[in-house]
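Working notes, structure below.
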Amino acid sequence: MNNKIYEKKEFMIFKVKEGYIAYNTRKNFQEGHTHLKHFEAAKTAIDLVINKKVPRSTDGYYLTSLIRLSEDEFYISKINELLETREQKGKKEKYYNPGYKLSKRSV
């Protein structure tokens, strides 16, 4: 791939047609790359993996991307724990305020 636009330690970011590919050169390409839509997201993913930080406010796809980029088994297990916890909790119910329409009419 000759469209490399960023490199840090063993990680590279490539520009592709529909976004960016972050890749860990210590892993084979099939297992060590992930597709992301934004350059900053790819760069942040690399920094998170290097510093072994687990973000709490990201979606499952992004967390899976971090797993694909990382080689550290402890870090990967921490992310998997977070994913399992989220899966067990399920989706949150949409909040419904039953008194909302009543208070609007009374004005």
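The table below gives the values:
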read-out: For residue 54: the one exception among (1) within 22 Å of residue 8 (Cβ to Cβ); (2) part of a helix (DSSP H, G or I); value: (2)
read-out: Criterion violated by residue 35 - all others in (1) modelled with pLDDT under 95; (2) not in a helix (DSSP H, G or I) satisfied; value: (1)
read-out: Candidate set from the stretch 16-58 (those that are closer than 15 Å to residue 5 by Cα and among the aromatic types (Phe, Trp, Tyr)); member that is surrounded by the fewest Cβ atoms within 10 Å (Cβ to Cβ); value: 39
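The values are calculated or read from the model by the stated rules, or taken from the named source; none is laboratory data. Keep in mind that what you see is a predicted model, and the values were worked out from it rather than measured. Reconstructed Cβ throughout: ideal geometry from the backbone, glycine too, with neighbour counts over all protein chains shown.
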